[in-house]
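Notes to accompany the following structure.
Each reported figure results from applying straightforward, stated rules to the coordinates on display, with no laboratory input. This structure is a prediction, so every number in the text was calculated from the model and none was measured. Because the Cβ atoms are built from the backbone with ideal geometry, glycine has one as well, and the counts that use them run over all protein chains shown.
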């Protein structure tokens, strides 16, 4: 069997920036074991599979070790492939997913994703989390991930968390965040339980971060920067129970898989 594959740098202005995702367009679904094995072989933070349906496409996302419910950067990458490689002519692309219907629109080279808002709630500061991060946060919130808020951008840049200890926590991952010097807020994201030590740019984390920072900064529109080694910019807009995440993408590679 021969499958097409694209590697797209999402939330990127140029290659080697943002978050790389593998995108495999399929005519119909393969066995879950094969989908997971391909994702493990790719060894990227996410591999997304898309299958045409009556609305547009159905999308599923896999880390090297597990399937996940929502992934922003791989959705952006999948939209890039549909619009630019598969000849999609519409203005609005609809993905069915585990997280419901996800709509992506394009304006020039900027893609905007309409995602559910995941409002985090304040929680107690766990001693294990503090030991993991090595620094005491201003506050901690919880949604799909723990969100640890710090005073300075430098706190985020200089952090070297204990990833082994982080696997003892009971959430998908840990987001660390602070006010940004040249943007509204910065963040980093760690998810060793999902086979991702540090994710370069995480769209789904901004579904949690944008509602928090929107309330705190009293803004609906914000510019965020994920300050991983690769780095990437995410434009956020909060509207009621939805978060609109915008970014650009670049094609790095295309090829074929033989299985």
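Data for the structure
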quantity	calculated
The chain, helix-only ellipticity at 222 nm - DSSP H runs n ≥ 4, -39,500 (n - 2.57), divided by all residues, nearest 500	-6000 deg cm²/dmol
Listed candidates [x] 13.1; [y] 18.3; [z] 14.5 - label of the one calculated as mean projected area of the Cα convex hull in nm²	[x]
Prolate/oblate/rounded label for region 131-174 (Cα gyration tensor, a/c 1.5)	oblate
Residue-span extension gain [residue 252 to residue 197] - 0.36 nm each, minus C-alpha spacing	17.6 nm
Rounded, prolate or oblate (a/c below 1.5 giving rounded, otherwise prolate when a/b exceeds b/c) for region 121-239 by Cα gyration tensor	prolate
The chain, relative contact order [Cα under 8 Å, separation at least 6], %	23 percent
Helix 203-217 axis, angle to the chain major axis (alpha carbon atoms, nearest 10°)	40 degrees
Sequence-separation-based contact order of region 63-196, relative, with Cα cut under 8 Å and 6+ spacing, percent	18 percent
FRET efficiency for residue 122 and residue 16, using Cβ-Cβ distance with R0 set to 25 Å, rounded to 0.05	0.10
Gain in span if fully extended, residue 4 to residue 165, counting 0.36 nm per residue against the direct Cα distance	54.1 nm
D_trans [Stokes-Einstein, Kirkwood Rh over alpha-carbon pairs] for region 48-89, 4 °C, 1.567 mPa s, µm² s⁻¹	119 µm²/s
Stretchable slack from residue 91 to residue 27, in nm (0.36 nm times residue separation minus alpha-carbon distance)	20.8 nm
For the chain, built as a Gaussian network whose Cα springs stay under 10 Å, the top-fluctuating residue of 184, 199, 124	124
Most mobile listed residue (234, 201, 103) in the chain, GNM with C-alpha springs under 10 Å	103
FRET efficiency estimate (nearest 0.05) - Cβ-Cβ, residue 217 to residue 139, R0 22 angstrom	0.90
Computed FRET value (nearest 0.05) for residue 55 with residue 239, which takes r as the C-beta separation and R₀ as 25 Å	0.70
Helix 32-42 vs. the chain, principal-axis angle (Cα, 0 to 90°, nearest 10)	70 degrees
Region 65-100 and region 34-56: distance between their alpha carbon centers, rounded to Å	11 Å
